[in-house]
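*Asks:* Okay, handing you the structure first.
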Amino acid sequence: MCGIVGYIGSEQAAPILLDGLSKLEYRGYDSAGIAVFNGSEIDMVKSTGKLKVLEELTKGGATLPGFSGIGHTRWATHGSPTDTNAHPHYNKDCSIAVVHNGIIENYLKLRRKLEKKGYQFVSETDTEVLAHLLDYYYNGNPLDTITKVLYRVEGSYALGILFKEHPEEIYAVRKDSPLIVGQGKEGNFIASDVPAVLKYTRNVYFIENQEIVRLTKDSLNFYNIDEEEIQKESTEIEWDISAAEKAGYEYFMLKEIYEQPQAVTDTLRPRLKENEILIEELGMTEEEIREISKIYIVACGSAYHTGVTAKYVFEGLARIPVEVDLASEFRYRNPIFQPGTLVIVVSQSGETADSLAALREAKNCGVRTLGIVNVVGSSIAREADNVMYTWAGPEIAVATTKAYSTQLVAEYLLAIHFAKVRNQIDEQQFQSLLNDLKKLPDQIELLLGSKEKLQHFANRYLATEHVFFIGRGIDYAISLEGSLKLKEISYIHSEAYAAGELKHGTISLIEQDTLVVALVTQKSLYKKTLSNMQEVRTRGAFVMAVTNAGNKEVEKSADYVVYLPETNPYFTNSLAVIPLQLFGYYVSLGRGLDVDKPRNLAKSVTVE
Ligand code: M6R
């Protein structure tokens, strides 16, 4: 995620901004920039690449003298990582500069309106809309101007703002994107996270949604959206910098597991408009959607597993035949394409060599391609005919969690949209699916609340040698992911099996106390899976079941049960994966392994 810093005080601002940004590097970024008020103008330097580049360009900040400024590390969302798209952004006469974290969801509408009023945009970002809107509403009173802008924007934001006409002040505001204010002896700070200011102060204010802050070098004023001054309590930070970079979590993986409700919301929300699904970036007319004759979902690892789930959803709801392919197989197997084929390539990094090669293979055959990608401006995002971004934010742990969850919901959105356009579901079914989709973030949050139980359970299996994950239908798809999550970070051998397939060979491996994790979320298949659980249990297996709330029947065939909140059967994977991620995480942690960087693995596999 992007990082924000701001400083106003009696020291030179630029070196403090660069230092603060360096403490936010862990959030992931692809460009950086700073703006400093030099006594008469707002100077700005920004650049793609690492902070080192910005430090060199500004000679450690020396080329930007001044006592107040704002800085930003950008992780590209709207517009690829370029110097121009980097923050801060100016208004037209460079008298206002703004840095932004978050996503302005109605930016296109606002941009069109502003363009009609003569505003010229230099970047592709949603943030530049804010700079011009601030300009449009500017009336000499920054607080009043900011509130007017806030009433017009939809989405999430944390902003740092400089007004040239108010050189003794900086302003900040947030909604659904974190922002803190640090109160120091030699000046005051804003930041998107505490580590950026810890070197200077431990006295911090946590800003709430739609609170506005006015900072001078020796004062802080807080306002609500009605421009009324409010009082806030400061907090004394007691933890140290290294803990803070992971926001207090021991590993990035756990932090990312906990970011899933937000990541899923961020991926769903921009595409859910007034009880409709609007996927502008799809670039397909309704006619073209009706003409789809077949979908290939091509990916590697966990991204492939989302495809295995999506096959059930596309086929079940939209009645479009789907083949799911491992990219490394697809690229060499000479697949048969027919008119109306759509190839969907799913990838967190957008750089996975096999997935990229598969995409190119499909394009060479003249087939329409769609990327579902997390990293903006990555190769797959650039080369696919169209790209639907997942808004998971940067994922640092090698084992994917939040990217996986956002890929799933992106695929659900597509499947439901296709089903509606192709008249395979009626309005009532459509609305019911949307309702269940919207509940997912809260339901994920609820499941995260029982992490201690999973930790306790995981601690019993630290020395185990083999684990089997079983399920039928979508439950089989979840098994694949649960098994990979466990094995890649714990180094315990695990396998996923379609539950009915066990007795065709693998059941001979079941011994006394072998752990079998059974996924039992598909009502129509309950009975069948319960029989398979009985089969392994009578051979000595210890069975952990993951099932829907209320399915007490399962307790007769399992030794330990995790219950999931009620959702549409097509979406259960989004919930069932949470206890499995936590289980993998806690087994790895308990075995004393490096959870975030398992041996032999890389975050982005750019070789064949
Ligand atoms: O960046 P991608 O989504 O294309 O990566 C695909 C796989 O390499 C990735 O999902 C991998 O399997 C992870 N280690 C799973 O946690």
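*Asks:* Given the structure, is Arg319 basic (Lys, Arg) and either out of contact with any strand residue (DSSP E or B) (no Cβ under 6 Å at 6 or more places or on another chain) or near the ligand (Cβ under 9 Å from one of its atoms) (or both)? Steps first, please.
*Replies:* On the way: basic (Lys, Arg): yes; either out of contact with any strand residue (DSSP E or B) (no Cβ under 6 Å at 6 or more places or on another chain) or near the ligand (Cβ under 9 Å from one of its atoms) (or both): yes.
Criteria met by Arg319.
*Asks:* It is to be established whether one or more residues within the range 478-486 are within 16 Å of the ligand (Cβ to nearest atom) and of a type in the set (S, T, N, Q).
*Replies:* Step one: of the range 478-486, the residues within 16 Å of the ligand (Cβ to nearest atom) are 478-486.
With the extra rule that they be of a type in the set (S, T, N, Q), the set shrinks to 479, 483.
Among the residues of the range 478-486, at least one is within 16 Å of the ligand (Cβ to nearest atom) and of a type in the set (S, T, N, Q), which makes the answer yes.
*Asks:* While we're here: Kindly indicate whether any position in the range 399-409 is at pLDDT below 95, surrounded by 22 or more Cβ atoms within 10 Å (Cβ to Cβ) and either within 13 Å of the ligand (Cβ to nearest atom) or over 19 Å from the mean Cα position of the chain (by Cα) (or both). Even if it seems obvious, please write down each step before you answer.
*Replies:* Keep residues of the range 399-409 that are at pLDDT below 95, which gives none.
The answer is no; no qualifying residue exists.
*Asks:* Could you list, in sequence order, the residues of the range 326-362 that are touching a residue at least 12 places away in the same chain (Cβ under 8 Å), surrounded by fewer than 20 Cβ atoms within 10 Å (Cβ to Cβ) and within 15 Å of the ligand (Cβ to nearest atom)?
*Replies:* Leu326, Ser328, Glu351, Ala353, Ala357, Arg360
*Asks:* Okay, moving on. So is Val607 within 16 Å of the ligand (Cβ to nearest atom) and either outside any helix (DSSP H, G or I) or modelled with pLDDT of 95 or more (or both) or not?
*Replies:* Working: within 16 Å of the ligand (Cβ to nearest atom): yes; either outside any helix (DSSP H, G or I) or modelled with pLDDT of 95 or more (or both): yes.
It is true that Val607 is within 16 Å of the ligand (Cβ to nearest atom) and either outside any helix (DSSP H, G or I) or modelled with pLDDT of 95 or more (or both).
*Asks:* Which one of these does Ala415 not meet: (1) under 30 Å from Lys487 (Cβ atoms); (2) within 16 Å of the ligand (Cβ to nearest atom); (3) at pLDDT 95 or above?
*Replies:* That leaves (2) as the condition not met.
*Asks:* Of the residues that make up the range 537-548, is at least one within 16 Å of the ligand (Cβ to nearest atom), crowded, with 22+ Cβ neighbours inside 10 Å and not basic (Lys, Arg)? Step through it out loud before you land on a result.
*Replies:* As a first pass, look at the range 537-548 and keep what is within 16 Å of the ligand (Cβ to nearest atom): none.
Scanning the range 537-548 turns up no residue that is within 16 Å of the ligand (Cβ to nearest atom), crowded, with 22+ Cβ neighbours inside 10 Å and not basic (Lys, Arg).
*Asks:* All but one of (1) within 16 Å of the ligand (Cβ to nearest atom); (2) of a type in the set (Ser, Thr, Tyr); (3) part of a helix (DSSP H, G or I) hold for Thr265; which doesn't?
*Replies:* The single condition Thr265 does not satisfy is (1).
*Asks:* Out of curiosity, is Tyr251 in contact with a Phe, Trp or Tyr (Cβ under 9 Å, 6 or more places away or on another chain), among the aromatic types (Phe, Trp, Tyr), touching a residue at least 60 places away in the same chain (Cβ under 8 Å) and away from the ligand (no atom under 16 Å from the Cβ)?
*Replies:* no
*Asks:* Which one of the conditions (1) within 15 Å of the ligand (Cβ to nearest atom); (2) touching a Ser or Thr at 6+ places or on another chain (Cβ under 6 Å) does Val367 fail to meet, given that it meets all the rest?
*Replies:* Failing condition for Val367: (1).
*Asks:* Looking at the range 513-534, which of its residues are surrounded by fewer than 18 Cβ atoms within 10 Å (Cβ to Cβ) and within 14 Å of Asp559 (Cα to Cα)?
*Replies:* Asp513, Gln534, listed by residue number.
*Asks:* Out of (1) surrounded by fewer than 22 Cβ atoms within 10 Å (Cβ to Cβ); (2) modelled with pLDDT of 95 or more; (3) under 21 Å from Val536 (Cα atoms), the odd one out for Ala463 is which?
*Replies:* Looking at each condition in turn, Ala463 falls short on (2).
*Asks:* Just for the range 491-544: of the residues that are among the polar types (S, T, N, Q) and assigned to a helix (DSSP H, G or I), which one is farthest from Leu575 (Cα to Cα)? Walk me through it before giving the result.
*Replies:* Taking the range 491-544 and keeping what is among the polar types (S, T, N, Q), we get 494, 506, 508, 512, 514, 521-522, 524, 529, 531-532, 534, 538.
Narrowing further to those that are assigned to a helix (DSSP H, G or I): 506, 508, 524, 529, 531-532, 534.
Working: Thr506: 27, Ser508: 31, Ser524: 18, Thr529: 19, Ser531: 23, Asn532: 22, Gln534: 24 Å.
Here the residue is Ser508.
*Asks:* crowded, with 18+ Cβ neighbours inside 10 Å, touching a residue at least 40 places away in the same chain (Cβ under 8 Å), assigned by TED's automatic domain parsing to the domain that holds His166 and of a type in the set (Ser, Thr, Tyr): is that true of Thr127 in this structure?
*Replies:* On the way: crowded, with 18+ Cβ neighbours inside 10 Å: yes; touching a residue at least 40 places away in the same chain (Cβ under 8 Å): yes; assigned by TED's automatic domain parsing to the domain that holds His166: yes; of a type in the set (Ser, Thr, Tyr): yes.
In short, yes.
*Asks:* Then there is this: Ser490 is checked against (1) modelled with pLDDT under 95; (2) crowded, with 18+ Cβ neighbours inside 10 Å; (3) of a type in the set (Ser, Thr, Tyr) and fails just one. What number does that condition carry?
*Replies:* For Ser490, the failing item is (1).
*Asks:* Consider the range 91-133. How many of its residues are under 23 Å from the mean Cα position of the chain (by Cα) and in a strand (DSSP E or B)?
*Replies:* Here the count works out to 4.
*Asks:* If you don't mind, there's one more thing I want to ask. Would you pick out the residues in the range 84-119 that are touching a Lys or Arg at 6+ places or on another chain (Cβ under 8 Å) and at pLDDT 95 or above?
*Replies:* Asn85, Ala86, His87, Pro88, Cys94, Ser95, Ile96, Leu110, Tyr119
*Asks:* Output the helices (runs of 4 or more DSSP H) that fall wholly within the range 373-448 and possess 2 or more residues being farther than 25 Å from Ser604 by Cβ, or say none.
*Replies:* Working: elements: 379-383, 402-421, 427-448.
Helices (runs of 4 or more DSSP H) meeting the threshold: 402-421, 427-448.
*Asks:* How many residues, within the range 288-308, are more than 7 Å from the ligand (Cβ to nearest atom), more than 15 Å from Pro335 (Cα to Cα) and not small (Gly, Ala, Ser)?
*Replies:* In the first step, residues of the range 288-308 are kept if they are more than 7 Å from the ligand (Cβ to nearest atom); the result is 288-298, 304-308.
Those still in the list that are more than 15 Å from Pro335 (Cα to Cα) too: 288-292, 304-308.
Among the residues that remain, those that are also not small (Gly, Ala, Ser) are: 288-292, 304-306, 308.
Counting residues in the range 288-308 that are more than 7 Å from the ligand (Cβ to nearest atom), more than 15 Å from Pro335 (Cα to Cα) and not small (Gly, Ala, Ser) gives 9.
*Asks:* May I pose another question? So if I check each of Met533, Met544, which one is hydrophobic (A, V, I, L, M, F, W, C) and closer than 24 Å to Leu448 by Cβ? Don't jump to the end; show me each part of the working.
*Replies:* Numbers: Met533 fails: closer than 24 Å to Leu448 by Cβ.
Checking each option against the conditions leaves just Met544.
The values are calculated or read from the model by the stated rules, or taken from the named source; none is laboratory data. Please read these numbers as outputs of a predicted model, since none were measured by experiment. Backbone-built Cβ (ideal geometry, glycine too); neighbour counts: all protein chains shown.
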